[in-house]
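A short write-up of the structure that comes next.
The values are calculated or read from the model by the stated rules, or taken from the named source; none is laboratory data. The structure displayed is predicted, hence computed values, not measured ones. Glycine also receives a Cβ, built like all others from the backbone with ideal geometry; neighbour counts cover every protein chain displayed. The accessibility values were calculated without ligands, DNA or RNA, using every heavy atom of the protein model including side chains. Shrake-Rupley method; radii C 1.70, N 1.55, O 1.52, S 1.80 Å.
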Amino acid sequence: MNAASQMMPVVALISGRGSNLRAIIEQADAIGIRIAAVISNVATAQGLQAAAAAGIPTEVVRHQDYADRERYDQALSARIDHYQPQLLILAGFMRILSTAFVQHYRGRLLNIHPSLLPAYRGLNTHQRVIHAGEREHGCAVHFVTEELDGGPIVAQRRVQVAANDDEHTLAQRVLQQEHQIFPLVIGWFASGRLRLQGDSAQLDGNNLAPHGADSDSLGNAA
Ligand code: GRF
(Lines give C-alpha, C1' and ligand atoms only; values in the text may rest on other atoms or scores of the structure.)
Protein backbone atom coordinates (compact mmCIF):
# COMPACT_ATOMS: atom_id res chain seq x y z
CA MET A 1 0.00 0.00 0.00
CA ASN A 2 1.25 3.51 -0.78
CA ALA A 3 1.77 6.08 1.94
CA ALA A 4 -1.24 8.38 2.25
CA SER A 5 0.85 11.34 1.07
CA GLN A 6 1.51 9.60 -2.27
CA MET A 7 -2.13 8.93 -2.96
CA MET A 8 -3.68 11.09 -5.66
CA PRO A 9 -6.55 13.18 -4.27
CA VAL A 10 -9.77 12.52 -6.19
CA VAL A 11 -13.23 14.06 -5.89
CA ALA A 12 -16.23 12.02 -7.05
CA LEU A 13 -19.55 13.46 -8.21
CA ILE A 14 -22.63 11.26 -7.93
CA SER A 15 -26.39 11.54 -8.25
CA GLY A 16 -27.67 8.17 -7.10
CA ARG A 17 -26.98 4.58 -6.18
CA GLY A 18 -23.19 4.87 -6.15
CA SER A 19 -22.24 1.30 -7.06
CA ASN A 20 -19.33 2.54 -9.17
CA LEU A 21 -18.28 4.75 -6.29
CA ARG A 22 -18.31 1.74 -3.94
CA ALA A 23 -16.14 -0.24 -6.34
CA ILE A 24 -13.68 2.65 -6.46
CA ILE A 25 -13.67 3.08 -2.67
CA GLU A 26 -12.88 -0.62 -2.29
CA GLN A 27 -9.92 -0.38 -4.64
CA ALA A 28 -8.70 3.09 -3.68
CA ASP A 29 -5.55 1.94 -1.89
CA ALA A 30 -4.63 -0.53 -4.60
CA ILE A 31 -4.94 2.06 -7.39
CA GLY A 32 -3.14 4.81 -5.50
CA ILE A 33 -5.92 7.29 -4.85
CA ARG A 34 -7.44 9.01 -1.86
CA ILE A 35 -11.07 9.97 -2.29
CA ALA A 36 -10.98 13.45 -0.80
CA ALA A 37 -14.73 14.04 -1.06
CA VAL A 38 -17.94 12.81 -2.63
CA ILE A 39 -20.33 15.51 -3.77
CA SER A 40 -23.90 14.99 -4.94
CA ASN A 41 -26.57 17.20 -6.46
CA VAL A 42 -29.18 14.91 -4.82
CA ALA A 43 -29.40 14.83 -1.01
CA THR A 44 -30.88 11.31 -0.97
CA ALA A 45 -28.24 9.75 -3.23
CA GLN A 46 -27.45 6.34 -1.74
CA GLY A 47 -23.80 6.65 -2.61
CA LEU A 48 -23.41 9.40 -0.01
CA GLN A 49 -24.07 6.84 2.73
CA ALA A 50 -21.44 4.50 1.36
CA ALA A 51 -18.93 7.35 1.30
CA ALA A 52 -19.75 8.47 4.82
CA ALA A 53 -19.46 4.86 6.07
CA ALA A 54 -15.97 4.79 4.56
CA GLY A 55 -15.05 7.99 6.41
CA ILE A 56 -15.04 10.13 3.27
CA PRO A 57 -16.31 13.73 3.55
CA THR A 58 -19.61 14.21 1.70
CA GLU A 59 -21.37 17.30 0.48
CA VAL A 60 -24.65 18.08 -1.24
CA VAL A 61 -24.87 20.97 -3.69
CA ARG A 62 -28.49 21.02 -4.84
CA HIS A 63 -29.09 22.19 -8.37
CA GLN A 64 -32.55 23.44 -7.40
CA ASP A 65 -30.91 26.14 -5.29
CA TYR A 66 -29.35 27.90 -8.29
CA ALA A 67 -30.93 30.03 -10.98
CA ASP A 68 -29.14 28.48 -13.93
CA ARG A 69 -26.57 25.89 -14.96
CA GLU A 70 -23.65 28.33 -14.99
CA ARG A 71 -24.27 29.47 -11.44
CA TYR A 72 -24.75 25.93 -10.24
CA ASP A 73 -21.56 24.77 -11.89
CA GLN A 74 -19.63 27.67 -10.34
CA ALA A 75 -20.87 26.76 -6.87
CA LEU A 76 -20.11 23.09 -7.48
CA SER A 77 -16.66 23.94 -8.74
CA ALA A 78 -15.91 26.00 -5.65
CA ARG A 79 -16.75 23.05 -3.41
CA ILE A 80 -14.74 20.63 -5.54
CA ASP A 81 -11.68 22.88 -5.62
CA HIS A 82 -11.77 23.23 -1.85
CA TYR A 83 -10.41 19.64 -1.80
CA GLN A 84 -7.72 20.35 -4.43
CA PRO A 85 -8.30 17.17 -6.44
CA GLN A 86 -5.90 16.12 -9.16
CA LEU A 87 -8.71 14.11 -10.72
CA LEU A 88 -12.48 14.58 -10.81
CA ILE A 89 -14.65 11.57 -11.59
CA LEU A 90 -18.26 11.43 -12.67
CA ALA A 91 -19.63 8.24 -11.12
CA GLY A 92 -23.26 8.44 -12.18
CA PHE A 93 -23.51 12.23 -12.03
CA MET A 94 -26.70 12.88 -13.96
CA ARG A 95 -26.21 16.44 -15.06
CA ILE A 96 -24.99 18.14 -18.20
CA LEU A 97 -21.96 20.27 -17.41
CA SER A 98 -21.36 23.81 -18.66
CA THR A 99 -18.50 24.59 -21.02
CA ALA A 100 -16.69 26.64 -18.35
CA PHE A 101 -16.86 23.73 -15.92
CA VAL A 102 -15.57 21.20 -18.43
CA GLN A 103 -12.74 23.51 -19.49
CA HIS A 104 -11.73 24.13 -15.89
CA TYR A 105 -11.19 20.39 -15.35
CA ARG A 106 -9.94 19.55 -18.82
CA GLY A 107 -7.55 16.62 -18.76
CA ARG A 108 -8.49 15.63 -15.22
CA LEU A 109 -12.17 14.75 -15.66
CA LEU A 110 -13.29 11.17 -16.35
CA ASN A 111 -16.78 9.75 -16.88
CA ILE A 112 -18.19 6.25 -17.08
CA HIS A 113 -20.95 5.69 -19.61
CA PRO A 114 -23.07 2.55 -20.07
CA SER A 115 -22.59 1.99 -23.80
CA LEU A 116 -19.96 1.22 -26.39
CA LEU A 117 -19.34 4.84 -27.31
CA PRO A 118 -19.74 6.54 -29.69
CA ALA A 119 -22.90 4.42 -29.96
CA TYR A 120 -25.77 5.26 -27.62
CA ARG A 121 -24.78 8.51 -26.05
CA GLY A 122 -27.26 9.95 -23.55
CA LEU A 123 -29.82 8.21 -21.34
CA ASN A 124 -31.64 4.84 -21.29
CA THR A 125 -28.88 3.08 -23.14
CA HIS A 126 -29.82 -0.48 -22.11
CA GLN A 127 -33.41 -0.06 -23.20
CA ARG A 128 -32.37 1.46 -26.52
CA VAL A 129 -29.82 -1.28 -27.18
CA ILE A 130 -32.43 -4.01 -26.62
CA HIS A 131 -35.02 -2.19 -28.68
CA ALA A 132 -32.55 -1.90 -31.55
CA GLY A 133 -31.84 -5.65 -31.41
CA GLU A 134 -28.10 -5.19 -30.83
CA ARG A 135 -26.01 -8.30 -30.15
CA GLU A 136 -23.32 -6.40 -28.26
CA HIS A 137 -23.35 -3.73 -25.60
CA GLY A 138 -20.95 -2.51 -22.94
CA CYS A 139 -19.48 0.46 -21.16
CA ALA A 140 -16.83 3.08 -21.73
CA VAL A 141 -14.63 5.38 -19.67
CA HIS A 142 -13.73 8.62 -21.38
CA PHE A 143 -12.22 12.02 -20.75
CA VAL A 144 -14.96 14.62 -20.57
CA THR A 145 -15.00 17.37 -23.16
CA GLU A 146 -17.65 19.88 -24.21
CA GLU A 147 -19.36 17.27 -26.40
CA LEU A 148 -21.82 15.22 -24.30
CA ASP A 149 -20.49 11.65 -23.94
CA GLY A 150 -18.14 12.53 -26.78
CA GLY A 151 -14.68 12.96 -25.24
CA PRO A 152 -11.69 10.71 -26.03
CA ILE A 153 -12.38 7.11 -25.02
CA VAL A 154 -9.88 5.48 -22.68
CA ALA A 155 -11.29 1.98 -22.32
CA GLN A 156 -14.36 -0.07 -23.15
CA ARG A 157 -15.67 -3.45 -22.05
CA ARG A 158 -18.11 -5.49 -24.12
CA VAL A 159 -20.94 -7.76 -23.07
CA GLN A 160 -23.08 -9.98 -25.31
CA VAL A 161 -26.79 -9.24 -25.38
CA ALA A 162 -28.73 -12.44 -24.66
CA ALA A 163 -32.01 -13.19 -26.39
CA ASN A 164 -33.87 -13.17 -23.08
CA ASP A 165 -32.21 -10.03 -21.67
CA ASP A 166 -34.38 -7.20 -20.46
CA GLU A 167 -32.94 -3.79 -19.63
CA HIS A 168 -32.38 -4.79 -15.99
CA THR A 169 -30.48 -8.03 -16.61
CA LEU A 170 -28.42 -6.33 -19.28
CA ALA A 171 -27.71 -3.31 -17.07
CA GLN A 172 -26.55 -5.64 -14.30
CA ARG A 173 -23.98 -7.36 -16.52
CA VAL A 174 -22.75 -4.06 -17.92
CA LEU A 175 -22.44 -2.72 -14.39
CA GLN A 176 -20.15 -5.60 -13.41
CA GLN A 177 -17.82 -4.47 -16.19
CA GLU A 178 -18.13 -0.83 -15.15
CA HIS A 179 -16.96 -1.77 -11.67
CA GLN A 180 -13.78 -3.18 -13.18
CA ILE A 181 -12.82 -0.67 -15.84
CA PHE A 182 -13.49 2.55 -13.95
CA PRO A 183 -11.04 1.74 -11.10
CA LEU A 184 -8.60 0.37 -13.65
CA VAL A 185 -8.59 3.60 -15.67
CA ILE A 186 -8.44 5.77 -12.55
CA GLY A 187 -5.40 3.77 -11.48
CA TRP A 188 -3.73 4.44 -14.83
CA PHE A 189 -4.33 8.15 -14.34
CA ALA A 190 -3.09 8.12 -10.75
CA SER A 191 0.13 6.38 -11.73
CA GLY A 192 0.81 8.89 -14.49
CA ARG A 193 0.30 6.39 -17.33
CA LEU A 194 -2.83 8.06 -18.71
CA ARG A 195 -3.23 11.62 -19.86
CA LEU A 196 -5.12 13.79 -22.28
CA GLN A 197 -2.76 15.22 -24.89
CA GLY A 198 -4.56 17.71 -27.10
CA ASP A 199 -7.68 15.82 -28.16
CA SER A 200 -6.19 12.36 -27.69
CA ALA A 201 -6.13 10.02 -24.73
CA GLN A 202 -2.60 8.70 -24.30
CA LEU A 203 -1.56 5.61 -22.37
CA ASP A 204 2.16 5.22 -21.71
CA GLY A 205 2.83 8.01 -24.20
CA ASN A 206 0.92 6.39 -27.07
CA ASN A 207 -2.33 7.68 -28.50
CA LEU A 208 -5.14 5.25 -27.79
CA ALA A 209 -7.29 3.95 -30.64
CA PRO A 210 -10.61 5.79 -31.15
CA HIS A 211 -12.46 3.08 -29.19
CA GLY A 212 -9.89 3.19 -26.35
CA ALA A 213 -7.52 0.54 -25.04
CA ASP A 214 -8.07 -2.99 -26.33
CA SER A 215 -10.66 -4.40 -23.96
CA ASP A 216 -9.32 -7.95 -24.26
CA SER A 217 -6.00 -6.91 -22.79
CA LEU A 218 -7.49 -5.01 -19.87
CA GLY A 219 -6.81 -6.63 -16.55
CA ASN A 220 -8.48 -5.90 -13.27
CA ALA A 221 -7.42 -2.94 -11.22
CA ALA A 222 -6.41 -4.78 -8.10
C1 GRF B 1 -23.86 3.77 -14.37
O2 GRF B 1 -24.51 2.92 -15.26
C3 GRF B 1 -22.95 4.72 -15.09
O4 GRF B 1 -22.38 4.17 -16.24
C5 GRF B 1 -23.87 5.85 -15.48
O6 GRF B 1 -24.73 5.98 -14.37
C7 GRF B 1 -24.82 4.74 -13.69
C8 GRF B 1 -24.45 5.00 -12.27
O9 GRF B 1 -24.64 3.86 -11.46
N10 GRF B 1 -23.13 7.04 -15.80
P11 GRF B 1 -24.07 3.87 -9.99
O12 GRF B 1 -24.66 5.08 -9.29
O13 GRF B 1 -22.58 3.93 -10.06
O14 GRF B 1 -24.55 2.59 -9.37
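Please work out if GLN156 is out of contact with any Ser or Thr (no Cβ under 9 Å at 6 or more places or on another chain) and either on the phi < 0 side of the Ramachandran plot or acidic (Asp, Glu) (or both).
Judged against the criteria, GLN156 is not a match.
Okay, residues lined up against (1) over 18 Å from the mean Cα position of the chain (by Cα); (2) within 13 Å of the ligand (Cβ to nearest atom); (3) surrounded by 14 or more Cβ atoms within 10 Å (Cβ to Cβ):
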{"position": "ILE25", "(1), (2), (3)": "no, yes, yes"}
{"position": "ALA30", "(1), (2), (3)": "no, no, yes"}
{"position": "THR44", "(1), (2), (3)": "yes, yes, no"}
{"position": "ALA51", "(1), (2), (3)": "no, yes, yes"}
{"position": "TYR66", "(1), (2), (3)": "yes, no, yes"}
{"position": "ARG69", "(1), (2), (3)": "yes, no, yes"}
{"position": "GLN74", "(1), (2), (3)": "yes, no, yes"}
{"position": "ALA78", "(1), (2), (3)": "yes, no, no"}
{"position": "LEU88", "(1), (2), (3)": "no, no, yes"}
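Checking PHE101 against (1) out of contact with any Cys (no Cβ under 8 Å at 6 or more places or on another chain); (2) within 11 Å of the ligand (Cβ to nearest atom): exactly one of these is not met. Which one?
(2)
Take the conditions within 24 Å of THR99 (Cβ to Cβ), out of contact with any Ser or Thr (no Cβ under 6 Å at 6 or more places or on another chain) and surrounded by 21 or more Cβ atoms within 10 Å (Cβ to Cβ) and apply them to LEU194. Does it pass?
Details: within 24 Å of THR99 (Cβ to Cβ): yes; out of contact with any Ser or Thr (no Cβ under 6 Å at 6 or more places or on another chain): yes; surrounded by 21 or more Cβ atoms within 10 Å (Cβ to Cβ): yes.
In short, yes.
With in a loop (DSSP other than H, G, I, E, B), open to solvent by 20 Å² or more (accessible area, probe 1.4 Å), in contact (Cβ under 8 Å) with a residue 40 or more places away in the chain and within 20 Å of HIS179 (Cβ to Cβ) as the only criterion, which of ARG95, ARG17 stands out?
When all the criteria are applied, what remains is ARG17.
Tally up the residues in the stretch 114-142 that are in a strand (DSSP E or B) and surrounded by 23 or more Cβ atoms within 10 Å (Cβ to Cβ), please.
So the count comes out to 6.
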